[in-house]
Amino acid sequence: MNLAPTRLRVLERFRALGATALFAIVLATAGAAEEVSPSGEVSAVLMDGATDKATLEKLVELGPDFIEEYFEILVEGAYPIRVGERGNSRRALTPIQKHTILLALQRLPRPRVLAFLASLASAQEEAEKVTALELLGQIGTQEQLQLLLELAAPEEGSARVPLAVRQAFGSSFERVLLRGSWKAADLRRAYGAAHPSLLVAIITAYSREKNPERLELFVALLGEVPEVDPLILAEITRQAETLSHPPASQLQSIVRYYLWRDEPQLLIEASRAASAMEDGEAVPHLIHLIGHEDANVGRSAIAALNSLSGRQLGHDAERWSNWHEAELAWWTTEAQRELQSIRHGRPEVVSRLVLDLSKKYFFRHKLSAPLAAGLMREETDLVALTCAALGHLGSWTSVPHLVRTLGHREDEVKAAAWRALGRITNLELGPDQAAWKPVLDRLPFPDSQ
């Protein structure tokens with residue numbers, strides 16, 4: 001393939017940007033309009049058999065005036081081995097040579113490379129787009145976010161970005177994402193400005209990391225592009241499942257709103273997200289969805305109710321409503337009195353109470369701290385029973401209390417605390433308190449006494 005058309009297109013775009021006259025002259029004089037051949041210097045470097053490091057240094061030494069030629073070689077995947085003749089013979093780039101050229105471009109003056117890439121913003125050829133995106137992924141930061149989107153954008157009026165371009169954009173976006181500190185505004189800006197067919201790539205790149213901040217960002221994206229909301233809700237579910245504690249109530253309420261939507265797929269994903277976020281206030285909405293005309297919606301609602309309650313009440317909405325009303329009544333009228341008796345109540349009474357509380361899965365996060373008062377009792381069997389109850393409830397809020405209990409004087413209690421910790425965290429750590437210190441340091445809530 002002749003390099004002349006590519007060279008002329010690049011030159012025209014670069015001139016349109018108002019680049020310096022000197023750089024335009026360098027590009028324009030690199031060859032004639034019909035038969036443009038590279039200078040031969042790049043080919044000579046690639047063909048001289050030097051080590052990869054020496055080749056890199058020579059390419060860098062040639063300087064920024066060769067940016068366009070390096071780019072053309074990357075686009076073509078080959079370089080000429082005889083210069084100045086019509087129908088030049090060409091040799092395919094090896095993967096190592098391609099990598100070396102990319103490294104050389106990274107070491108050339110960054111403003112010049114970025115200016116060249118900006119000249120390609122209106123490029124329409126797939127190979128040019130892919131190569132430009134790959135290069136920008138190597139050197140760009142969030143400051144080049146708009147350029148990244150422009151390079152990936154399809155021709156005006158086109159409904160979809162080609163697969164190869166989407167893949168290159170996704171890889172480059174992910175690399176740029178790792179370079180620097182991104183904030184919610186950056187992601188929302190990218191999400192709002194991107195072509196619809198690039199949104200999946202943005203979501204996928206941003207979902208690699210799982211933490212409360214990423215969850216909050218995804219919740220903020222709901223409603224920005226309604227067609228993609230099911231995918232956003234699915235990612236919220238994945239993010240929430242990695243948390244050790246339910247997220248803030250305002251985040252739960254935003255997701256809960258989608259339980260009143262009409263679209264079955266939204267209802268399904270919102271049910272899953274409400275379950276993963278452990279949103280107890282979503283229970284009445286989920287009960288309402290049990291009888292939905294779409295059976296998949298009903299099944300998703302029941303699965304969410306099973307997860308939130310620790311119960312299996314099937315398709316009977318009335319049974320679910322009765323259970324929910326009973327749980328709320330207990331919490332408001334009896335729970336505080338019962339919890340206060342754990343520390344000083346009679347052993348036989350407290351034993352029965354601990355067993356009963358271990359079944360209150362719906363309130364597990366609220367119960368774990370007051371129930372942990374049983375770990376301070378003198379009765380060995382009661383302390384061991386409390387460990388088992390906390391393990392059954394499975395709330396990470398009890399982890400600090402159980403780690404302290406690993407230092408108990410009785411081996412029976414130490415073993416019970418260790419088993420409970422393993423059940424809650426799914427971590428296979430030793431029974432020593434020191435082994436659990438890194439876990440405590442990562443908890444998002446204070447280690448209350």
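When the chymotrypsin sites (Phe, Trp or Tyr not before Pro) in segment 257-301 are filtered for DSSP coil states and for at most 10 other beta-carbon atoms within 10 Å of their beta-carbon, no site remains. Cβ-Cβ distance of residue 171 and residue 359, R₀ of 51 Å, FRET efficiency by 1/(1 + (r/R0)^6): the value works out to about 0.55. Test of understanding: in a Gaussian network model of the chain with alpha carbons linked when under 10 Å, which of 264, 347, 95 would top the mean-square fluctuation ranking? Highest fluctuation among the options: 95. A full extension of the chain between residue 410 and residue 92 corresponds to an added length of 107.3 nm, given 0.36 nm per residue minus the alpha carbon distance. Residue 371: net charge of surrounding residues, Cβ under 13 Å, Lys/Arg +1, Asp/Glu -1, itself excluded? Within the 13 Å Cβ shell, the charges total +4. What FRET efficiency comes out for the pair residue 210/residue 423, r = Cβ-Cβ distance, R0 = 22 Å, nearest 0.05? For residue 210 and residue 423, the calculated efficiency is 0.55.
Could you tally the net charge around residue 110, taking each other residue with its Cβ under 14 Å from the Cβ of residue 110, Lys/Arg +1 and Asp/Glu -1? Local net charge: +2.
Here the peptides 267-280, 425-438 are ranked by packing, the mean other Cβ count within 10 Å, and the order with the highest first is 267-280, 425-438.
The ranking of 158, 43 by Cβ neighbour count inside 10 Å, starting from the fewest, reads 158, 43.
The helix-based estimate of mean residue ellipticity at 222 nm for the chain, built from -39,500 (n - 2.57) per DSSP H run of four or more residues and divided by its residue count, is -18500 deg cm²/dmol to the nearest 500.
Report the gain in length on full extension from residue 440 to residue 380: 0.36 nm times residue separation, minus Cα-Cα distance, nm rounded to one decimal.
Numbers: separation 60, 0.36 × 60 = 21.60 nm, distance 2.48 nm.
Here the answer is 19.1 nm.
Per the Debye calculation on segment 334-442 with a single equal scatterer at every Cα and no solvent contribution, log₁₀ I(q)/I(0) for q = 0.24 Å⁻¹ amounts to -1.34.
Could you list 398, 309 in order of exposure, starting from the residue whose Cβ has the fewest other Cβ atoms within 10 Å?
The most exposed by this proxy come first: 309, 398.
Modelled spin labels at residue 316 and residue 158, positioned 7 Å past Cα toward Cβ, are 5.9 nm from each other.
Close Lys pairs in the chain (alpha-carbon distance under 21 Å; sequence gap of 8 or more, or different chains): 5.
Every read-out reported here was derived from the displayed coordinates using simple, explicitly stated rules and does not represent laboratory data. As the structure is a computational prediction, the values presented were derived from the model and not from experiment. Please note: Cβ atoms are built from the backbone with ideal geometry, for glycine as well, and neighbour counts cover all protein chains shown.
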